[in-house]
Amino acid sequence: MNVKQAAEYLNMSVAWMYRNAPQVGLIPYKFGAGRNAKIQFKVSEVQAWIKQQRG
């Protein structure tokens with residue numbers, strides 16, 4: 001899932017995803033180099049992170 005999809009799924013802003021996701025344990029995967037790099041998140045990892053936050 002891309003950054004926008006992940007942000008919507010988590011009910012967070014896209015800026016939060018870029019700034020804070022790596023610090024809270026959501027691992028971004030970068031495809032490409034420089035400013036045109038695409039950031040993706042694994043759906044299974046996002047879902048696991050949500051479960052971890054619940055308790």
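The values are calculated or read from the model by the stated rules, or taken from the named source; none is laboratory data. Owing to the predicted nature of the structure, the values given are computational and were not obtained by experimental measurement. Here Cβ is always computed from backbone atoms with ideal geometry, including for glycine, and neighbour counts include all displayed protein chains. These area figures cover heavy atoms from the full protein model, side chains too; ligands, DNA and RNA do not enter into them. Shrake-Rupley method; radii C 1.70, N 1.55, O 1.52, S 1.80 Å.
Structure values in brief
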{"read-out": "Some residue of the range 28-38 being over 10 Å from the mean Cα position of the chain (by Cα), in a helix (DSSP H, G or I) and on the phi > 0 side of the Ramachandran plot", "value": "yes"}
{"read-out": "Residue satisfying all of: in the range 39-55; in a helix (DSSP H, G or I), in contact (Cβ under 8 Å) with a residue 24 or more places away in the chain and closer than 14 Å to A7 by Cα; most open to solvent (accessible area, probe 1.4 Å) among these", "value": "V43"}
{"read-out": "Any hit, the range 22-40, residues being touching a Lys or Arg at 6+ places or on another chain (Cβ under 8 Å) and of a type in the set (K, R)", "value": "yes"}
